[in-house]
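To start, the structure itself, in structure tokens.
The values are calculated or read from the model by the stated rules, or taken from the named source; none is laboratory data. None of these values were measured; they are calculated from a predicted model. Using ideal geometry, Cβ is built from the backbone for each residue, glycine included, and neighbour counts are taken over all protein chains shown. Surface accessibility is based on the protein's heavy atoms, side chains included, excluding ligands, DNA and RNA. Shrake-Rupley method; radii C 1.70, N 1.55, O 1.52, S 1.80 Å.
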Amino acid sequence: MKTNKSVRSMFNTILQKVLLIAILGISLFVISCQESNTVVAPTSPKTNASARLATDAIAVATNDTVYNVTFQNAKGLTLTAKLYVPALQPGEQIPAMVVMHGCGGMWSNDNVAANKMKTNFNEWATDFTTKKIASLFIDSYTNRLENGQPIVEFCGRTPLNDSICSPVYERTYDAYAGLAYLRSLPYIQGSRIGLMGFSHGGSTTMAALVNTTLVTKSQWTVWYQNKTYNVAAPVARPAQGGFKTAVAYYPGGGFFSYFGSVSDATKGKYVNYAPLLILIGKNDDLLAATQVQYDRAKLNGAGTSIELVTYENANHSFDEKTTGDDAVAKAAARTKVSSWLAATL
């Protein structure tokens, strides 16, 4: 009997120890799981930087980052763009620039698939990033079809052969789509977004900045070869406000008499709603009409600043050049833009 009691006692002791060890093991397992859930974040799938979409650009970049993004303009056209974002701290907000390419397009060698912008645009992207300014370069051509094919270049167009991508009443939708897209990003200061354009994009920049409250017509028209054509009205800035400032490189400021005579500033009206800087070479054929548009703005302006800077012996597209007087103008103009944005953006 004593032996049986001893065996039972020993068995009970072993059982208690086994249960205690099991309970401790379960407890440690639960604690371990809880600690893993609070410390180890789920690993995001790796994404090729060249394939990122708009939703990816919402995240704050801790390094200088470039995204390929898509968004629609108010007419439902899907636009592609490259968004450059400097390294940011959580909660930090920065200004931004929308950039519009010229009639030759945005891509190096017209190769959209290579996803490489022209040299001067890459230079601007780097410059903006260095200054802690985000920049959005919009491709207005690739998804805008003409005769079923993407537009590659749009130079020398005249009414109404230019209506599909008119800088004055069509492409301005793209500029404002870029403004709306940037305002959707939490790290962009929505009230500090500027616009910059080159050549055809410079014309778009000037047109986008028109104050449609002060400049009105019952019917908007263009004039070419002694014929008048009815066209669409300019795009009005959004209710929450338009661009903070703008820079137009060598624009065609005549607009086929959209805002008035190309030779007489007193005939017609143009008023810009935000500060506007115009940069153009003295050898540029577009200077005369652009000068008239500038004079018209000065005659009709309501206190909003506008400045025209010309460069001796410089030609059209001088920002793309690397030698001679064009290169001198390029350097001087970039210095001017830097000080202009520092004061107005």
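Annotations
- Loop sites in region 217-297: trypsin sites (Lys or Arg not before Pro), DSSP, at most 15 other Cβ within 10 Å: 217, 267, 282
- Part-to-part distance (alpha-carbon centres) for region 222-271 and region 149-179, which is given in Å: 14 Å
- The portion of the accessible surface of region 111-228 made up by carbon and sulfur, rounded to a whole percent, is 49 (1.4 Å probe; DNA, RNA and ligands excluded).
- Over region 87-156, volume per residue of the alpha carbon convex hull, in Å³: 114 Å³
- On the basis of the beta-carbon distance and an R0 of 30 Å, residue 184 and residue 335 show a calculated FRET efficiency of 0.40.
- Across region 176-287, Cα pairs under 8 Å and at least six residues apart give a relative contact order of 31 percent.
- Over region 131-195, relative contact order from alpha-carbon pairs under 8 Å, at least 6 apart, %: 25 percent
- Sparse-neighbour loop sites [GluC sites (Glu not before Pro); region 244-345; at most 11 other C-beta within 10 Å; DSSP]: 312
- Neighbours of residue 154, meaning other residues whose beta-carbon lies under 14 angstrom from its beta-carbon, give a summed charge of -4 when Lys and Arg score +1 and Asp and Glu score -1.
- Taking every DSSP bridge with both residues inside region 209-283, close to 60 percent are antiparallel.
- Tensor-based shape of region 216-345 (alpha-carbon gyration tensor, a/c under 1.5 rounded, otherwise prolate or oblate): oblate
- Within the shell defined by Cβ-Cβ distances under 15 Å, the residues around residue 246 carry a net charge of +3, with Lys and Arg each +1 and Asp and Glu each -1.
- Inter-probe distance in nm under a simple model that places probes 7 Å from Cα toward Cβ, at residue 89 and residue 328: 4.4 nm
- With a cut-off of 12 Å between beta carbons, the residues surrounding residue 271 carry a summed charge of +3, where Lys and Arg count +1 and Asp and Glu -1.
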